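Contents: one structure, followed by commentary.
Since every read-out is calculated from the coordinates, none of them should be taken as a lab result. Please read all numbers here as calculations on a predicted model, not as lab measurements. Here the Cβ positions follow ideal geometry from the backbone for every residue, glycine too, while neighbour counts run over all protein chains shown.
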Amino acid sequence: MPLPGLGVAPAAGSLYNELASATRRAFVPRLFVQIYFASPTLFYMTGNAQRAAGGLNQITVPAQGQSMVQGQFTGYGGGFNSPVITPGIQNLQFNLAYWVVPIPLPFGETIIQATDREISILKARMNDVYAVTRQNMARLQFTNNSASTLLPDSFQNAFDNGTNFPTYGGVNRNNQDNSAFKGQYINLNSGTFSLGTTGFTRKSMATLLSYVTDQAGGESPTFVVMNPGDYATLNLDFIGIEQIHQIPPAQGLTMDTAVRSSFPNLFVSGIPIFADHFCPQGNVFGVNVKYTSMYLSEDAAFDFSGFYSLVPLGQIGQQGVVVVGYDVITAKPVSGFWGFNLIGNQY
């Protein structure tokens, strides 16, 4: 609704009503979305996504959890004990989760916006389908989704050690023969680390990364992701040692000299660390994408059904749906970690 009494617009009254009746509003022909957040983690996982197709378990990963042969030393005669057959392979099995977004196209909207539109509501709605889907996927990759069997897996159950998620991919982690299927679930305010209220520093982060790399058999995480408030604490430790050097033969800093302070991501022990809004505060995740991937259905990868008439239902209008089938899983839980109980966030 036009606003009276602002700037050159007259106050409410007959003069203003006349202007409002005879004058179009000046539109900016773009829609500025006021909600939604970016997720670098989802961007990385989607860009590295693997294909999944049909089957009772759309993702089935053969995994070895114990040694299948035994070695021994021999002497001059070369004798050795007969081998014992030890089964060591079982399947990690997952089903894709399917997210659907129905899209309405009512009769009135089609007629009214056929011409003389400034913003296409249908185009805005279709863009919103993509945004809503991305927001949901970004959030669910960090949360406990076990309350519903319809939801996808997440980093939490991927890297848990059996404390919160005893079963992963159909394998009971707490079975004495399945200890290899446990991830690294680390209390950051107790025992080995005990960070207290200070949060991460460069030294404590380096210690954690050394520890988790060792526990993973010598393979380090591809990246570490934190909540922005927790990330800010670590970032402050880097800012405290920043130095700005003039580059010879420059005479000095001028108004045209760009000085960059603080860091959009940090490298500790060669591993990138970044912030993601959707990562719960107090939690830190380390992911090795050699073993951890998002799987996208090749039959439902952000696919749109097209619009179909609602006339058979006694309504003039159309309806479509976007479908995404996906899951986030790891084939080697110990390759990553879930650090929890981190205190010392900046906000």
Interchain or long-range residues, amide H under 5 Å from Ala300's placed H = Gly325
Loop-exposed trypsin sites (Lys or Arg not before Pro) per DSSP, neighbour cap 10 Cβ within 10 angstrom, longest uninterrupted part of the chain = 31-259
In order over region 201-216: 3J(HN,Hα) from phi, Karplus 6.51/-1.76/1.60, θ = phi - 60°, whole Hz, x for each Gly or Pro, gives 10, 4, 5, 5, 5, 4, 5, 4, 5, 5, 5, 5, 5, 5, 5, 8
In the Gaussian network model of the chain, springs joining C-alpha atoms below 10 Å, which of Leu31, Leu19, Leu105 carries the largest mean-square fluctuation?
-> Leu19
Considering amide H positions built from the backbone, and no H for Pro or chain starts, which residues 5 or more places from Gln318, or on another chain, come under 5 Å of its amide H?
-> Leu105, Phe107, Leu310
Which of (i) 111, 74, 39; (ii) 52, 43, 40; (iii) 72, 58, 40 is the computed Cα extents along the principal axes in Å? It is (i)
Hey, which aspartates and glutamates would be in cross-link range of Lys203, C-alpha to C-alpha under 15 Å, not counting anything within fewer than 8 residues on its own chain?
-> Asp237
Please work out the C-alpha center-to-center distance from region 166-191 to region 253-327 and express it in whole Å.
-> 27
Which whole-number percent is the relative contact order of the chain (Cα, under 8 Å, 6+ apart)?
-> 25
Of Pro228, Pro83, Pro62, which has the largest mean-square fluctuation in a 10 Å C-alpha GNM of the chain?
-> Pro83
What ³J(HN,Hα) values, in whole Hz, does the Karplus curve 6.51 cos²θ - 1.76 cosθ + 1.60 give for region 26-36 when θ = phi - 60°, with x put for Gly and Pro?
-> 7, 9, 7, x, 9, 9, 9, 6, 9, 10, 5
Summing -39500 (n - 2.57) over every DSSP H run of at least 4 residues in the chain and dividing by its residue count gives a helix-only mean residue ellipticity at 222 nm, to the nearest 500 deg cm²/dmol, of -6500 deg cm²/dmol
Can you run phi through the Karplus equation (6.51, -1.76, 1.60; θ = phi - 60°) for region 146-152 and list ³J(HN,Hα) in whole Hz, with x for Gly and Pro?
-> 6, 5, 9, 6, 7, 8, x
GNM of the chain, Cα pairs under 10 angstrom: of Ser82, Ser14, Ser154, the biggest fluctuation goes to Ser14
Lysines within cross-link reach of Lys332: Cα-Cα under 21 Å, excluding same-chain residues under 8 positions apart?
-> Lys182, Lys290
